[in-house]
Amino acid sequence: MKSTLPLDSVRIVSLAPNLPGPACVRRLADWGARVIKVEPPEGDPLRVYARDYYRELHEGMDVRTLDLKSDKGQRELSGLLDTATLFVTAQRPAALKRLGLDAANIRRLWPHLSHLAIVGLAPPDEDVAGHDLTYLAGAGLLDPPRLPPTLMADLLGAERAVSETLLLLRRADASGRGEYSQVALADAATALAAPWRHGLTRPTGLLGGAHAGYGCYRTADGWLALAALEPRFLARLVEALDIAEPDRDSLAAAFAAHPDAHWRAFALRHDLPLTVLPARAGRA
């Protein structure tokens, strides 16, 4: 049976290690693209840091080990790129240039090949070292000494890379030649910081603590997250809880009176945007 997935004619060769590249390519593979992931002899660091996550992101892909510093490795990669539609990298431009894989050389040797480059910082700083934590720090999204619970710049950067890939392929179809595009993870972090920059999530902002209907509250045995922003939700909550005003003290007292199980059922019964937080190690 012929595949009807939208990217079933796309052939991807990826050199991208760590998280943003594999997360991007995973999405493209789910839409039908055939992926060959090329890793150095030492492997992808993500396999060491999070083996199960690595396996999840690479399921169904053809993972090959090539030493691109050797002539044999270069020849094998060249053969792969000869028949590829898209080349995905996440190395710094200087490192790619040392391997002869800079954008200008790719355009010369493989004019049919489109190239998506995931970088940390936008030009002219794309060779400056960094990772998710440094990009979040630069955007003002850290609260030291606590570390973020997830890799926000990496994952939003991966989603931006997916979107950019679709545009890249569209441009290549229109031009009849390979196209080049670059996605910077620091730009993703800056986009994530926009609600903070505009005051929305600062401590005095509507979504930073000023609205009692939007926040986290203790229950008798855990925590819940309430997002009753719309007046209809807040009015429904006040009526269901039988309280006079939806201020933070009244809500805190009401929620602390019952366990998580009560509030799960309560949210469904009254159609409220209220979610009990799952238990997590270290949460007091």
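The values are calculated or read from the model by the stated rules, or taken from the named source; none is laboratory data. Computed from a prediction, not measured in an experiment: that's the story for all the values here. Positions of Cβ are backbone-derived with ideal geometry, glycine not excepted, and every protein chain shown enters the neighbour counts.
Exactly one residue out of Thr89, Thr83 is over 27 Å from the mean Cα position of the chain (by Cα), under 24 Å from Arg177 (Cβ atoms) and of a type in the set (Val, Ile, Thr), and it is Thr83. For segment 253-265, residues that are within 35 Å of the chain's Cα centre (by Cα) and surrounded by 14 or more Cβ atoms within 10 Å (Cβ to Cβ) total 5. Residues considered: Leu136, Leu116, Leu155, Leu141. Of these, the only one that is in a helix (DSSP H, G or I) and either surrounded by fewer than 19 Cβ atoms within 10 Å (Cβ to Cβ) or touching an Asp or Glu at 6+ places or on another chain (Cβ under 8 Å) (or both) is Leu155. Screening segment 81-91 for residues that are of a type outside the set (A, V, I, L, M, F, W, C) and buried (at least 18 other Cβ atoms within 10 Å of the Cβ) and picking the one that is farthest from Val10 (Cα to Cα) gives Gln91. The set of residues from segment 1-57 being β-branched (Val, Ile, Thr) and more than 21 Å from Asp173 (Cα to Cα) comprises Ile36, Val38, Val48. When segment 93-113 is filtered for residues that are aliphatic (A, V, I, L, M), over 17 Å from Pro17 (Cβ atoms) and not in a helix (DSSP H, G or I), only Leu113 remains.
For Arg75, the stated conditions do not hold, so it cannot be described as part of a helix (DSSP H, G or I), farther than 27 Å from Tyr180 by Cβ and of a type outside the set (A, V, I, L, M, F, W, C).
Of the helices (runs of 4 or more DSSP H) entirely within segment 6-71, those holding at least 2 residues that are assigned by TED's automatic domain parsing to the domain that holds Trp110 and surrounded by fewer than 17 Cβ atoms within 10 Å (Cβ to Cβ) occupy 45-49, 51-58. Against the conditions (1) closer than 30 Å to Gly208 by Cβ; (2) in contact with a Gly (Cβ under 7 Å, 6 or more places away or on another chain), Ala139 satisfies every one except (2).
Scanning segment 83-92 for residues that are assigned by TED's automatic domain parsing to the domain that holds Ala129, of a type in the set (Ser, Thr, Tyr) and in a helix (DSSP H, G or I) turns up nothing.
Taking segment 181-191, which residues are buried (at least 16 other Cβ atoms within 10 Å of the Cβ) and either of a type outside the set (Ser, Thr, Tyr) or outside the structural domain of Thr134 (by TED's automatic domain parsing) (or both)? Gln182, Val183, Ala184, Leu185, Ala186, Asp187, Ala188, Ala189 - these are the residues of segment 181-191 that are buried (at least 16 other Cβ atoms within 10 Å of the Cβ) and either of a type outside the set (Ser, Thr, Tyr) or outside the structural domain of Thr134 (by TED's automatic domain parsing) (or both). Out of Leu185, Leu167, one residue alone is without any contact (Cβ under 8 Å) to a residue 40 or more places away in the chain and closer than 23 Å to Ala16 by Cα. It is Leu167. Checked against the criteria, Ala122 does not count as assigned to a helix (DSSP H, G or I) and either of a type in the set (Lys, Arg) or in the same structural domain as Arg171 (by TED's automatic domain parsing) (or both).
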